[in-house]
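Report on the structure given below.
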């Protein structure tokens, strides 16, 4: 049995039309269209409640690749010599392993996340990848407003320099990722067993979709093309019109990624992979679009817009359905290993196989899940109904009924405190940390912590 994983970065569940069912995420912005992911989802077991644990990008990849939790002990760091990643496990079992990605954090010096793969293909130039040293030929001021400080203007300028020569849709990053993935899949079809990890950094910011997919923004808008939002309260650095424009650019980026995936799904079908492969499509996390006041990821933004992602698994001859079973990302690797007959390799993993859910034998897995940042004190604990956000000392905790209030607008902590107590009981103080100071960086605001809460 082959294993093919399609990992997308920063894709919100409510921007995949299979999940949002035509409901727009924001007033005045059309509902995002994702026909190719939707068609694939119709063939899958679709999880509505699959969650990361330790955020953001690299700690999540560690969870997915090793079956181990990164929270609360694992920061953003290289793959350690003691880690045993999926590619190494499968390679020893006779799999030929390939990694195709434009997620430039993988190939940063010393990160080592390609370890164990027989082949790895890097697509350069994403986000702030130091790919082009020549200055951009475009006017940076057309992509920022007067509130952007020099640091942010330099970051935008790096992305523009990296993409100055893009002239046709096939130049854009997700198109290149899919093209190289299809090439690898075709050339390696001769092997008895393959494992392919396809990792697209889009729809991660900056959001600069090709013109044909920029259909979610107001055509009357005449302001700067703010492809890279900043952190902090959005209304402090952007107008309402600009906020709507940024949200529209994100939706366009999502639609473009979906468009590129059509070629990949066609390749899988035409080369027989759907007949003998487990195919997984997921996102590492979503992305706040000022739903609760701020753009970008951050330790204080533990709402559904960051935590809820599409999570789709297709089995040969499997029965498509939706499930509300709670799973966390470290559960993926144990599940895959059990499905391909390697259950005896999972006993030391934190994750727990949800194969019975996939096979229709169960519709429950975990009672509750937890998410947060290694460096942050905030934690979110959820079940299928309630979301409880633990805040730093001196701030008000939050409790939301996800069924009645999916946008998390009404804090019910004073109305149903017993639900918060119940959820908190699943995870002890080991999972919490105490804030010492705030660090602001290009990835957003991070709360740096020291020591467990006492």
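The numbers here are math on the coordinates, done by the rules we state, and not lab data. Bear in mind the structure is a predicted one, so any value in this text is a computation, not a measurement. With ideal geometry, Cβ positions are generated from the backbone for all residues, glycine too; neighbour counts draw on all protein chains shown.
Points worth noting:
- Here r is the Cβ-Cβ distance between residue 189 and residue 385 and R0 is 35 Å; the resulting FRET efficiency, rounded to 0.05, is 0.20.
- Between the range 141-185 and the range 214-279, the Cα center-to-center distance that results, in Å: 13 Å
- Prolate/oblate/rounded label for the range 275-314 (Cα gyration tensor, a/c 1.5): prolate
- Here the gap between residue 414 and residue 364, fully extended at 0.36 nm per residue and compared with their Cα-Cα distance, gives a gain of 15.1 nm.
- The order of 86, 111, 141, 65, going from fewest to most other C-beta atoms within 10 Å of their C-beta, is 141, 111, 86, 65.
- Gained length - residue 73 relative to residue 142, 0.36 nm times residue gap less alpha-carbon distance: 20.7 nm
- Note on the range 2-358: along the principal axes its Cα atoms extend 58, 43, 42 Å, ordered by decreasing extent.
- Point-to-point label distance, residue 93-residue 131, nm (Cα→Cβ direction, 7 Å offset): 3.4 nm
- Sorting 190-198, 5-13 by their mean Cβ neighbour count within 10 Å, with the most densely packed peptide first, gives 5-13, 190-198.
- An ellipsoid equivalent to the range 93-229, defined through the eigenvalues of its Cα gyration tensor, has semi-axes of 34, 17, 11 Å when rounded to whole angstrom and sorted largest first.
- Here the calculated FRET efficiency for residue 271 and residue 154, from their Cβ-Cβ distance with R0 = 25 Å, stands at 0.05, rounded to the nearest 0.05.
- Between residue 48 and residue 171, the modelled labels are 4.3 nm apart [label points 7 Å from Cα along Cα→Cβ].
- Annotation: peptides 314-326, 173-185, ranked by per-residue average of other Cβ atoms within 10 Å with the highest first, follow the order 173-185, 314-326.
- Stretching residue 1 away from residue 212 to a fully extended chain increases their span by 72.1 nm, per 0.36 nm per residue minus the current alpha-carbon distance.
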